Amino acid sequence: MAKMNELADLVRELEEQLVICIRCGTCQAVCPLFEQTRKEADVARGKLALLSGLMENIFTDADGVNQRLNKCLLCGSCAANCPSGVNVVEIFIKARAILTEYKGLSLVKRFIFKRMLANPKTFDILTKWAGQFQNLFIKDDANAQGTSCARLVSPLLSNRHFLPMAKTPFHKTLTAPGRKDPGPASGKGLRALLFTGCLIDKVFPNIAHAGVRVLTHHGVALTIPRGQGCCGIPALAAGDRDTFTRLVDHHLDLFRQEEFDVLVTACATCTSTIKKLWPALYKNPSSGVTEQLKQLAGKTMDINQFLVDRVKPDFPGDLSAPGETSREIVTYHDPCHLKKSLGVAAQPRKIIRASGKTLVEMEGADKCCGMGGSFNVYYYDISASIGNLKQKNIADTGCSIVSTGCPACMMQISDMLAKQNQNIRVCHPMELYARFLDENRFIKKA
């Protein structure tokens, strides 16, 4: 009975948000999934119409509703362009939570979310062992993206070019209780706490190392707590609000031990999740936690935005005259969670120019790359079709590097470029800027 009452409360929350949708169809024009399938059921308007009778549909066709809801990239293109301001992403996540509460998680998902992801120490141990044995299962293929293919036939990996886990995850380079780099006065006394996230820690530690070098070079006092885990978006996207809430609690406990002005992340998805979804979808918050989550959301910034808007350094690399094309060409992909959710677009481009590069814009720079987290697992063919459009736009710029502020986008773009044998590297803006500082031997002023 308690469970059904909770479901009823969640449905009532949804009903209040659903009435805002006027079924105008604007979402149809911007949905990357609809562009591929041309099916009304795949666009936000069709899913919202389905949700209007959610409670009845749960009992009559729970699996069908669940399948329709999961066939979504959660890119936020519809929400960013909705004239009525419907928060489609939040609605879909709440609806998935309702279905998960009713249906329960599969055995595989229960193990992944509740046994692994919800326990950062366990997750670190398991990924460590997986990393040590991964060479037995992947080919050693040399390409510009650093991707690999599976040695064995696998339904999940056989058609993919994927990035292997790093030999040493970022958290293994920290000293207890976490690396603390007090910066000089040039950083305006700013104290930043770095949130790494799963993909940066375990697949892209170079991004974190680059961010540390850049921020400390510009005088930011940086703290990186040990014991960090996932931001919770994979569990939340699967409807597992319990695991999501456990992960939020875990990090709130870590952050309470530190003094900081800004929580900085180099992952677009983590930034958006902490700012938007932690306060909105944390389960059964007390008044104290609610206020803490709001304060934390207000302190959270993308690392590019933080450097450009708060630190405001003089960028030594941004010296070229307008129109100069003699330097290496870089193009930039706007992550959905960065531009559409948070409005951060100019700052990463500023970092690229500050890295001594010529920025050439691609067509559709802010169009979704097709990753979508678990969408890429369940609907890889559609994901790859969307991603292939992105790789064509990247290649058409004549660039040697494509940069983006989202590790998941980096994985998707690397896969697409590798399949086409494109000699184009994929980098985070922080990696470009840190490399520029290193190559030009810029030294922190005392």
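When segment 240-268 is filtered for residues that are surrounded by fewer than 24 Cβ atoms within 10 Å (Cβ to Cβ) and part of a loop (DSSP other than H, G, I, E, B), the ones remaining, listed by number, are Q257, E258, E259, F260, D261. Residues in segment 269-312 that are within 21 Å of T404 (Cα to Cα) and surrounded by fewer than 19 Cβ atoms within 10 Å (Cβ to Cβ): D309, R310, K312. Say we look at segment 110-166 and pick out the residues that are touching a Lys or Arg at 6+ places or on another chain (Cβ under 8 Å) and aliphatic (A, V, I, L, M); which of these is modelled with the highest pLDDT? Among those that are touching a Lys or Arg at 6+ places or on another chain (Cβ under 8 Å) and aliphatic (A, V, I, L, M), it is A118. When G398 is tested against the conditions (1) touching a residue at least 60 places away in the same chain (Cβ under 8 Å); (2) surrounded by 15 or more Cβ atoms within 10 Å (Cβ to Cβ), the lone failure is (2). Can you find a residue that is in contact (Cβ under 8 Å) with a residue 12 or more places away in the chain, outside any strand (DSSP E or B) and within 18 Å of the chain's Cα centre (by Cα) anywhere in segment 280-287? Scanning segment 280-287, I find at least one residue that is in contact (Cβ under 8 Å) with a residue 12 or more places away in the chain, outside any strand (DSSP E or B) and within 18 Å of the chain's Cα centre (by Cα), so the answer is yes. Just to be sure before I move on: is I386 farther than 27 Å from V214 by Cβ, surrounded by 19 or more Cβ atoms within 10 Å (Cβ to Cβ) and at pLDDT 95 or above in the structure I sent? Judged against the criteria, I386 is a match. Please go through segment 18-39 and give me each residue that is under 22 Å from C336 (Cα atoms) and outside any loop (DSSP other than H, G, I, E, B), ordered by number. Selection gives T26, C27, Q28, A29, V30, P32, L33, F34, E35, Q36, T37. The conditions of being of a type in the set (G, A, S), buried (at least 18 other Cβ atoms within 10 Å of the Cβ) and either part of a helix (DSSP H, G or I) or in contact with a helix residue (DSSP H, G or I) (Cβ under 6 Å, 6 or more places away or on another chain) (or both) are met by S403.
The values are calculated or read from the model by the stated rules, or taken from the named source; none is laboratory data. Computed from a predicted structure; not experimentally measured. Glycine also receives a Cβ, built like all others from the backbone with ideal geometry; neighbour counts cover every protein chain displayed.
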